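J.: Quick one: this structure, given as structure tokens, is what I'll be asking you about.
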Amino acid sequence: MAFPLPASNQKWRDCLRKTEPRRVKIRAVSILVALTLVPAAIGENQEEPTEDKQHEREELGVNAYTAPSIERIFAQLDQLRPLPFDQLKRELPQSIVAGREHKGLVFGGLIADGFLIVEAERKNLVENFGRVLMEQARALGVGDRVMRHSASVTELGRRGAWQQVRQELIATQTDVEQAMIELRDEKMAHLISLGGWLRGLEISAGAVETEFSPPRAKLLAQPDLADYFGAELKTLPPTVAHLPLFEKIRASIKKLQPILGKSPEALTRADIGLIRTEASGLNEAIRRGE
């Protein structure tokens, strides 16, 4: 397993410093990145000193972008309720794509779909989601890690215990960070996050466009993540970076950056529609592997 290169870590720190002056509170579209992280079931571990854990997380790319607080997700998605589920839903992936990087993007988008199901409280869809989640997790080589949490989410969702489902998802945060530390795979973690962010962006923009108002539109005014992922895509190995799919993702993010960077009060319905269209096109391309 490849270790993160010092240059990559420095790039991350430089990116954070660049965006610091305009950083705002993480909103629905940004915190949806947390959806993309693999729910990892880790056994009991001895506690390390807090400072050592934090240092190790940062060295391996675990930061506010790859592992924000899951508790914030529901708090922010609640602001977009009621979500127009029938307009935002999509079919879950039924095939296993080739290419590990591509699998990461698909898996991240799948986790975002799962949070949409939870927010809309669709009991009839939870079991199928759990099945597809396990299939995709096995394809990534992390099936054992997601088994316990996915089984619990499926059972709780089937019973309609949505508050407990939320708590179960929140409880995976520690496991997710520990899994990153053990896997030492910074690039894959970011690609999973990117897949979730793009699907989350589509969901959020679709919800705002359906019921537009300036306060709801402000939830999408978050340039930090677009800048962050745009910079991260530049660090991919050339054999991956120049694939048509990743070229397309890079071009679309560049197109979205000035829109997401607007003053929150300046976002219009047309802006929201463009965000949704771009994100939807990218998510469809990821599904097809274009």
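J.: Going through the cross-link list Lys89/Lys234; Lys234/Lys255; Lys103/Lys262; Lys187/Lys262, which pairs have a Cα-Cα distance over 22 Å in this structure?
T.: Numbers: Lys89/Lys234 31 Å; Lys234/Lys255 15 Å; Lys103/Lys262 32 Å; Lys187/Lys262 29 Å.
Checking Cα-Cα distances, Lys89/Lys234; Lys103/Lys262; Lys187/Lys262 exceed 22 Å.
J.: Rounded, prolate or oblate for the range 137-290? Axes are the square roots of the Cα gyration tensor eigenvalues, ordered a ≥ b ≥ c, and the cut-off for rounded is a/c under 1.5. Numbers along the way, then the final one.
T.: Details: a/c = 2.03, a/b = 1.22, b/c = 1.66.
Taking the square roots of the gyration eigenvalues as a ≥ b ≥ c, the range 137-290 is oblate.
J.: Using a 1.4 Å probe on the protein heavy atoms only, what accessible surface does Glu127 show? Give it in Å² to the nearest 10.
T.: Here the accessible area works out near 110 Å².
J.: Quick one: order Lys254, Lys262 from most to least accessible surface, probe 1.4 Å.
T.: Details: Lys254 150, Lys262 75 Å².
Listed by decreasing accessible area, they come as Lys254, Lys262.
The values are calculated or read from the model by the stated rules, or taken from the named source; none is laboratory data. Because the structure is predicted, anything quoted here is derived from the model rather than measured. The area values use the complete protein model at the heavy-atom level, side chains included, leaving out ligands, DNA and RNA. Shrake-Rupley method; radii C 1.70, N 1.55, O 1.52, S 1.80 Å.
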